[in-house]
Amino acid sequence: MRKFGFGLAALTAAAVATPAMSAIVFSDNMDSGAGWGVNAITADNAATFGYDYSADGIPEAPHSVGGAATSGVKLESNITAGALDGFTLYPIGQSFSGAYTLQFDAWMNFDADERVGDANGTTEFLGGGIGYNNTSADIGSGAQAIATGEGGSGSDYRVFKSPPAFFVPATGMTAGDRNGANAYYSDYLPGGVLPPVEQGQTGLFGSVAGSPGLQWITWLISTDGSGIVNIDIRKPGSPNLRIATLDCNDTSDGSSGCTTDGNISLFYADFFSSVSPRADLTFGVIDNVIVTNVPEPASLALLGLGGLAMIRRKR
């Protein structure tokens with residue numbers, strides 16, 4: 001009887017442990033662009049699916065399992081024109097609602113020698129979001145977040161509620177600041193990560209403190225289904241760093257709110273006119289895009305009752 005009682009308690013606990021009940025509802029290792037759409041500001045962008053980033057000395061992404069372990073999508077923007085540019089990738093035919101999380105591994109590459117010689121660098125942005133409308137080329141739909149790879153902006157971490165695009169003020173960030181030089185970011189990403197030797201960068205300069213360049217990080221954008229959105233980043237072997245928490249229902253901040261129902265989006269852009277003299281070193285990579293959801297409480301309750309029924313039958 002004691003064993004039966006322990007099993008019942010464990011099953012009951014499992015039935016209410018909703019975070020553990022999440023399930024993968026979409027995943028893509030970015031080897032093929034066949035299932036992806038692109039909305040771009042101009043044609044001066046490139047998304048190369050199935051790109052073998054190990055050719056640039058980039059190690060395997062944190063969540064790669066099987067398949068082409070070092071293959072993802074290479075992202076480039078403002079390649080030659082010297083003008084603001086960017087684009088959004090989205091999985092065709094997908095839509096998500098309720099409580100779910102978008103997760104993806106991201107690498108931002110840059111010319112570290114140029115970044116030190118020019119305080120502004122090339123300053124490109126990478127990120128993503130939820131509640132995407134399948135049409136916006138820029139950060140104009142749902143809840144989105146982006147970051148610079150090399151700290152070349154006073155607003156290295158940017159969060160948006162859309163439409164229309166509302167740039168969340170510094171007071172709306174967890175750090176109370178958008179600048180990667182803030183200790184909240186720089187303590188987590190202390191800088192000094194050297195470029196892969198295969199890239200042939202000749203200086204001794206590396207990543208900039210507070211920015212996620214020259215290393216893998218994982219973005220996590222989650223909603224509980226009520227309009228609350230948590231935005232985090234995570235470096236391998238470390239706890240998450242909260243970037244911001246948004247309330248899509250709140251319009252008192254001057255926004256029009258936002259929605260979390262819709263598609264997911266992956267975003268890459270160069271908001272400045274500078275063009276890197278080393279375009280071969282200036283790019284982003286995204287790998288292992290995963291969406292997980294949490295079943296409704298009613299579904300979990302039914303799961304628990306089903307388990308209890310099986311125990312009774314066995315008894």
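The values are calculated or read from the model by the stated rules, or taken from the named source; none is laboratory data. Since this is a predicted model, take the numbers as computed values, not measurements. Every residue, glycine among them, receives a Cβ derived from its backbone with ideal geometry; neighbour counts consider all protein chains shown. Just so you know, the surface numbers come from the protein's heavy atoms only, side chains and all, with ligands and any DNA or RNA stripped out. Shrake-Rupley method; radii C 1.70, N 1.55, O 1.52, S 1.80 Å.
Data overview
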| item | result |
| --- | --- |
| Sequence-distant residues sharing a close amide H with G142 (under 5 Å, placed H) | S162, T259 |
| Gyration tensor verdict on segment 95-230 (Cα atoms; rounded if a/c is under 1.5, prolate if a/b is larger than b/c, oblate otherwise) | prolate |
| Amide H within-cut-off set for G149, under 5 Å, with H built and near neighbours excluded | E124 |
| Mean Cβ count within 10 Å, highest first, over the residues of peptides 155-168, 42-55 | 155-168, 42-55 |
| Label point 7 Å beyond Cα of N240 along Cβ direction - residues of segment 208-222 with amide nitrogen under 15 Å | 218-222 |
| Farthest toward positive dipole pole in segment 148-212 [+1 Lys/Arg, -1 Asp/Glu at C-beta], among Y188, F167, Q199 | F167 |
| Modelled FRET efficiency - R0 51 Å, A181 with V25, Cβ distances, 0.05 increments | 0.85 |
| Solvent-accessible area, 1.4 Å probe, carbon plus sulfur percent, for segment 237-290 | 47 |
| For segment 217-248 versus segment 180-208, the gap between their alpha-carbon centres in whole angstrom | 23 |
| Inter-label distance, nm, simple model (7 Å from Cα along the C-beta direction), S95/S252 | 3.2 |
